[in-house]
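Worksheet for the structure shown next.
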Amino acid sequence: MESPPEWIHSVLKHGDLKTCLNLATVSKMYHQELTTSCSWWKVACVKFAEEKKLYLDLDHFESGSPSLDDWKDLFAELRSMRFQFCPSEKDAPAQGRDASCCEEEDSRNRTFSIAVSVRFRPPVRVRGPVVEGDKEQSDASQRKVVIPLHQRLPLIKAKYGMNLSNSEAMKKIMMIQHGKDAVADPWSSAFIQEDDVTQKENRTQQSEKTLATTATAVNPDQGPTAGIVAVKEKEATVLGVVPGSGLRDFKFDRVFDSGSSQDAVHLNSSRRVVMDFINGFNGTVMVYGQTGSGKTYTMFGNQKFEETFEGSDEDAVEGIAQKTAKEVLKALGDREDCHGIGWRLGVTYVEVYGQEVYDLLKGGEIVGQSRVAGQRYVLDGQTEWPVSTWPEISDYLKEGDAQKRKACTAMNERSSRAHTVFILSLTQTVDGRKVQSKLMLVDLGGSEKLTKSKVHESVRSAGTVSWSHYYEQRKHLTEALYINAGLYALKACIEALHEKQKQDRMASEDPSFKRRHIYVPYQDSKLTMLLSSSLGGSARTVMIVTASKDPSHATETFQSLRFGEQCSSVENTALCMSRGSVIDAINELGVRIKECEALIEKHERWETKRIVRKDLDGDEIVTVTVPVGAEMYREELERLLKRKDALLGVGAEEEEEATAEVPQVKAVPCVAVA
Ligand SMILES: Nc1ncnc2c1ncn2[C@@H]1O[C@H](COP(=O)(O)OP(=O)(O)OP(=O)(O)O)[C@@H](O)[C@H]1O
């Protein structure tokens, strides 16, 4: 097929939208060539946005390396917003209909969906001794997981060679489990058809449970511990060893590993909502996760500069809230210059605690609320502060942060003890029309197990602790219960919205389908009442699940990942592990081991120390040289190596051989003095 001539590109660049769209129909010869090229669709999107005074964040869109379909989807989406700022004569809605009617009409094309991303926080070094409760907890969460047989076979093949037959792989498994004697056992004549294994791989999670039971011939004490095996950013999946399922993939829209920057998280998850917000649609960005997993860090950054002992502003790390506010101001300024769109921006900073909403910008006063249609309480409008520059917004953010309820729990030194919501309210005026939108940035209180954050301990031991301590702890316990109640209500609303969405889809596919009425329980908590305008309908919602890869938090991490998966619109077709992903998991572990080794090489140095050696004749001070500076990475490396061995099912026979050769040395206790 003949390519479009050069002049077409300059027309695309300088011509108006109509000319650009018409170009594709000029000649049959290159019609297809044009409409199947990303650059043509990009031009179409840019021109369309310009003509309809819509905000298009190209940097953000192109950062995701969009495909041709993505460009087409973007064009369709922009088209659905065409009446927002620009009702041309031809496009104009019928007389008497205002902008909200248009929005309603267009919003029919916008289906409810939540884009869910997962972000892992960097590892933390545990400070202080492990107390009894911690030990119980970590023992419970680090229990061994039985890997189903159909997953163990490819793992064994990955270790011993892919040309191993299934019965040979089974023999290996038996040898690992029961020692060399197992060669003479009934498995030696066992024959497993390749097809059977493939079929098993394709079964659903339900049947995985059955398989896990079948595989109890495999000694559970030798399986890997529950935890995250691999974080695959490219595939947007997280592979974990999950109790009850064995190896399991969790699928999301985006996944960010522990090394990811605040910029990357914002660009690839929340920035899309900003575009819609400026285009006149409501939006919500929520961070959800276990306490201490980095929700506040992700949403509001690390405002260390407020603490006098930390010194300068350089220590501050911006979060989604700061980045969003700056971007909104810049976009509004540009739009005012280019299209003459007037704007008014307001900020609200509130905290939802129990059954009340507190205004963080009015010294924590209880917010007045008013009832609207459906008897829903909403903020009474007295909480909004007009802003037009970044320093003003920054001051409000700092003021609100200082008012937040914070406490030190065993999991987080500065734990937020309520749900905080930072709201940007925007009114844009164009040709006498007003377009209003709201963006809610929500830092949900940490979902927590009371036994782990230990807020219940002193409450249980009333009488043995001081009354002031008892009341303080009771307060923390109430806070934890309030947080969990709000999260529960939020889950219920999201589930209902998904169900509603499903019913709508079925009704549109089959006209005879009898739609059930689905009630979305916004009224169940103040948090969901507050979010109701930006959750569901035409609003765009993004959820960032924060989690830790530390095996001692495996239970909470899987709970958070499951919740993220339930909220997500991404269908997880990879609930069962395929052979390919098992090998990928092993390779991924290999990569992480190499990275860890490189970090050790970079950070480790030798240091000379004087230590006291306890001897039978008394104490002796000796000088020793020890490696320091990479203790954290060494721990991580040890964990990764153990995990790899456990996954491959090796260790038993090799460890046996190794320990047989090494003479047992009695350790001499040493105490470091310098
Ligand atoms: N990605 C990250 N990079 C660097 N530090 C982080 C990261 N995530 C969290 N932290 C640090 O971990 C600590 C706890 O994080 P944060 O307060 O954000 O947790 P949280 O989930 O909001 O907890 P809570 O629900 O108890 O308030 C903070 O000191 C924060 O600076």
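The values are calculated or read from the model by the stated rules, or taken from the named source; none is laboratory data. Computed from a predicted structure; not experimentally measured. All Cβ positions, even for glycine, are placed from backbone atoms using ideal geometry, and neighbour counts span all protein chains on display. These area figures cover heavy atoms from the full protein model, side chains too; ligands, DNA and RNA do not enter into them. Shrake-Rupley method; radii C 1.70, N 1.55, O 1.52, S 1.80 Å.
What ³J(HN,Hα) values, in whole Hz, does the Karplus curve 6.51 cos²θ - 1.76 cosθ + 1.60 give for region 386-400 when θ = phi - 60°, with x put for Gly and Pro?
Result, rounded to whole Hz: x, 9, 9, 9, 5, x, 5, 5, 4, 4, 5, 5, 5, 4, x.
Quick one: if the Förster radius is 35 Å, what FRET efficiency do residue 613 and residue 638 give, using the C-beta to C-beta distance and rounding to 0.05?
After rounding to 0.05, the efficiency reads 0.85.
As a test question: what accessible area, to the nearest 10 Å², does residue 555 have when a 1.4 Å probe is rolled over all protein chains in place?
70 Å²
Which entries in the list 295/323; 53/362; 295/602; 295/500 go over 26 Å, if you measure between the two C-alpha atoms of each?
Beyond 26 Å between Cα atoms: 53/362; 295/602; 295/500.
Would you mind counting up the charge near residue 63? Only other residues with Cβ under 13 Å from its Cβ, with Lys and Arg at +1 and Asp and Glu at -1.
Charge balance in the 13 Å sphere: -2.
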